[in-house]
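Asks: Please read through the structure below; I'll follow up with questions.
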Amino acid sequence: MHIAQFVITVKDYDEAIRFYVDVLGFELLEDTPMGNAKRWVRVGPPAASGRGCDILLARAVGDAQLATVGNQTGGRVFIFLHTDNFAADYERLKSKGVTFLGEPRREDYGDVVVFQDLYGNKFDLIGPHAASRA
């Protein structure tokens, strides 16, 4: 078994697509109209990476779902993005205006920095220590 897909509730399909595709560099895998303004929207890491699972961007409907937008995990880090080039990806995201919650730090498991998506969900960007890539 493997995790193929998970859902992130969003306020608006198009603004979420712009963030995940234009800012994070994910690919738009599917955008299928479902009727009644509902769409099946999937994004994911570039196909060249060969890793990861898809994210279904689901427009929140109703108070209960709207309350989850930006707080999928009650304030904890939600998604862990692994990269082979931490410094380059950090600088690219920074240049695109991504909100970081502190400076990159060195941990036993690699270099890491926490950032937020457009709604406030927390992500870890994690890469191997710079010395271990040499």
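Each value in this text was obtained by applying a stated rule to the coordinates, not by laboratory testing. Computed from a prediction, not measured in an experiment: that's the story for all the values here. Don't worry about glycine lacking a Cβ; one is built from the backbone with ideal geometry, like all the others, and counts go over all protein chains shown.
Asks: Give the separation of the Cα centroids, region 62-77 to region 1-42, in Å.
Replies: With region 62-77 and region 1-42 each reduced to a Cα centre, they are spaced 16 Å.
Asks: Longer than 22 Å from Cα to Cα, which of LYS11/LYS122; LYS38/LYS122; LYS38/LYS96 are they? Say none if no pair is.
Replies: LYS38/LYS122; LYS38/LYS96
Asks: Separate question: Taking the Cβ-Cβ separation of ILE3 and ASP31 as r and a Förster radius of 22 Å, what is the calculated FRET efficiency to the nearest 0.05?
Replies: Step by step, r from the Cβ atoms, then E = 0.55.
Asks: Further question on the same structure: Taking the beta-carbon count within 10 Å as an exposure proxy, list MET34, MET1 from fewest neighbours to most.
Replies: By the 10 Å Cβ count, ascending: MET1, MET34.
Asks: Using modelled amide H (1.01 Å from N, peptide plane; none on Pro or chain starts), what sits under 5 Å from the amide H of ASP111, excluding residues fewer than 5 places away?
Replies: GLY127, HIS129
Asks: Treat each spin label as a single point 7 Å out from the Cα along the C-beta direction, and report the TYR109 to ASP124 distance in nm.
Replies: Placing both labels 7 Å along Cα→Cβ, they lie 0.3 nm apart.
Asks: How big is the dipole moment of region 45-134 about its Cα centre under a simple scheme where the beta carbon of each Lys and Arg is +1, that of each Asp and Glu is -1, and everything else is neutral? Debye, nearest 20, please.
Replies: The calculated dipole for region 45-134 is roughly 120 debye.
Asks: Counting other beta carbons within 10 Å of each residue's own, what order do ASP111, ASP54, ASP12 fall into, fewest first?
Replies: Sorted ascending by nearby Cβ count, the order is ASP12, ASP54, ASP111.
Asks: Hey, another quick one. Against the longest alpha carbon principal axis of the chain, how many degrees, from 0 to 90 and to the nearest 10, is the axis of helix 86-95 turned?
Replies: Between the helix axis and the principal axis of the chain, the angle is about 50 degrees.
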